[in-house]
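Trainee: First, the structure itself, so that you have it in front of you.
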Amino acid sequence: MNQNDLVVRLSRLDSCAISDALDKVSLKGVVLGVRPTWPCPRIAGRAVTVKLKPAGDEKPKQHLGVDAIASAAAGDIIVVAHSGRQDVSGWGGILATAARLKGVGGVVIDGACRDIDEYRELGFPVFARAAVPITARGRIVQQFFNQEIEFGGISVKPGDLVIADGSGVVFIPSSRAEEVIGEAELIAAKEAEMVKDVLAGRPVAEVMGINYEAMLLKK
């Protein structure tokens with residue numbers, strides 16, 4: 001299936017349904033501890049990856065993140081591997097403004113960022129581990145972009161799919177995306193029927209019985 005169609009289908013789901021689908025097909029993809037920096041809308045799209053590292057004595061040739069913004073297509077999600085660092089920012093307001101103008105769907109960061117108020121004013125979704133005012137200048141540089149990275153213990157390749165919402169951040173390998181999304185759609189449909197049953201007055205103990213556990217059994 002066309003990957004754009006898969007992104008559309010993914011955007012209709014949530015991170016919980018995708019997490020359940022990953023469990024069912026025995027894949028890892030959930031990252032713990034990365035949260036919305038403001039009440040962001042859900043984002044879903046293809047990953048454009050960035051790897052950051054300590055600057056040391058290295059002088060950056062250009063600012064971190066600008067290559068990713070330039071290469072991103074509309075709706076892509078910039079995924080920043082920042083080694084979980086919460087003592088220095090790995091993304092800021094000027095980058096967010098440029099990404100918003102480019103049509104980037106949002107940013108997820110394995111670490112801290114800053115300028116949260118600017119993201120909110122822009123309406124630009126950013127998910128991170130923490131907010132900190134400390135600049136990356138002289139502290140952090142970009143090691144590379146659009147190569148495979150590790151993000152919160154999950155291997156992420158350019159073009160993998162990512163979904164992020166109030167419950168968390170989840171990655172799907174592009175090679176398994178159609179399978180995972182298909183399973184998530186089935187799970188979401190079953191849960192929607194269960195909600196209807198509860199609203200109709202069916203006892204929740206009956207609704208949440210063995211059928212709920214069975215739909216999450218691994219293949």
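Laboratory data are not the source of any read-out in this text; all were calculated from the coordinates shown. Everything quoted here is computed from the prediction, not taken from an experiment. Here Cβ is always computed from backbone atoms with ideal geometry, including for glycine, and neighbour counts include all displayed protein chains.
Trainee: Within a 10 angstrom radius of the beta carbon, how do 82, 63 rank from fewest other beta carbons to most? Don't skip to the answer; put the middle values down first.
Mentor: Working: 82 26, 63 16.
The fewest-first ordering by Cβ neighbours comes to 63, 82.
Trainee: Shifting gears a bit: Rank 60, 40, 19 by how far each Cα sits towards the positive end of the charge dipole of the chain (+1 on Lys, Arg Cβ; -1 on Asp, Glu Cβ) and give me just the farthest.
Mentor: Going by the charge dipole, the pick is 60.
Trainee: As a test, work out the antiparallel percent of DSSP beta bridges whose residues both lie in the chain, rounded to the nearest 5. Before the final figure, lay out the partial values.
Mentor: Details: 21 of 37 bridges.
Percentage antiparallel, nearest 5: 55.
Trainee: Still on this structure, I have one more. If you keep only loop residues by DSSP, which GluC sites (Glu not before Pro) in the range 39-125 have at most 14 other Cβ atoms within 10 Å of their Cβ? Spell out each step's value before the answer.
Mentor: On the way: sites: 58, 118, 121; in loops: 58.
Sites meeting the loop and neighbour criteria: 58.
Trainee: From the phi angles alone, apply the Karplus equation (6.51, -1.76, 1.60; θ = phi - 60°) to the range 85-98 and give each ³J(HN,Hα) in whole Hz, x where the residue is Gly or Pro.
Mentor: 5, 10, 9, 7, 6, x, 6, x, x, 5, 4, 4, 4, 5
Trainee: All other residues with a Cβ under 14 Å from the Cβ of residue 139 taken together, and with Lys, Arg as +1 and Asp, Glu as -1, what is their net charge? Present the calculation step by step, with values, prior to reporting the outcome.
Mentor: Values: positive: 53, 59, 85, 114, 137; negative: 57, 58, 87.
Net local charge, residue 139 excluded: +2.
Trainee: Something else now. Rounding to the nearest 20 debye, state how big the charge dipole of the range 3-179 is about its Cα centre with +1 on each Lys and Arg Cβ and -1 on each Asp and Glu Cβ.
Mentor: Values: 21 positive and 20 negative charges, 54 e Å.
The calculated dipole for the range 3-179 is roughly 260 debye.
Trainee: Restricting to DSSP H runs of at least four residues, report the calculated mean residue ellipticity at 222 nm for the chain, -39500 (n - 2.57) per run over all residues, nearest 500 deg cm²/dmol.
Mentor: Numbers: 8 runs with 74 residues, N = 219.
Calculated from helices alone, the mean residue ellipticity at 222 nm is -9500 deg cm²/dmol.
Trainee: Express the Stokes-Einstein translational diffusion coefficient of the chain in µm² s⁻¹, to the nearest whole number, given a Kirkwood radius over alpha-carbon pairs, 4 °C and a viscosity of 1.567 mPa s. Could the numbers behind the result be given before it?
Mentor: Details: Rh = 18.0 Å.
For the chosen part, D equals 72 µm²/s.
Trainee: Continuing with this model, one more query. Mind sorting 160, 67 by how few other Cβ atoms lie within 10 Å of their own Cβ, fewest first? Mind dumping the intermediate values first?
Mentor: Values: 160 23, 67 16.
With the sparsest Cβ surroundings first, the list reads 67, 160.
Trainee: Another question, if that's okay. For 66, 25, which order do you get if you count the other beta carbons within 10 Å of each Cβ and list the fewest first?
Mentor: If I rank by nearby Cβ atoms, fewest first, I get 25, 66.
Trainee: With a 10 Å radius around each residue's Cβ, average the other Cβ atoms per peptide and rank 107-114, 189-196, highest first.
Mentor: Taking the mean over residues of other Cβ atoms within 10 Å, the ranking is 107-114, 189-196.
Trainee: Taking H placed 1.01 Å from N in the peptide plane, check which residues at least 5 places from residue 143 or on another chain put their amide H under 5 Å from its amide H.
Mentor: Amide H neighbours of residue 143, under 5 Å, 5+ apart: 51, 52, 53.
Trainee: Where Rh is the Kirkwood radius over the Cα pairs of the range 23-108, the temperature 4 °C and the viscosity 1.567 mPa s, what D in µm²/s does Stokes-Einstein return?
Mentor: Numbers: Rh = 14.4 Å.
After rounding, the answer is 90 µm²/s.
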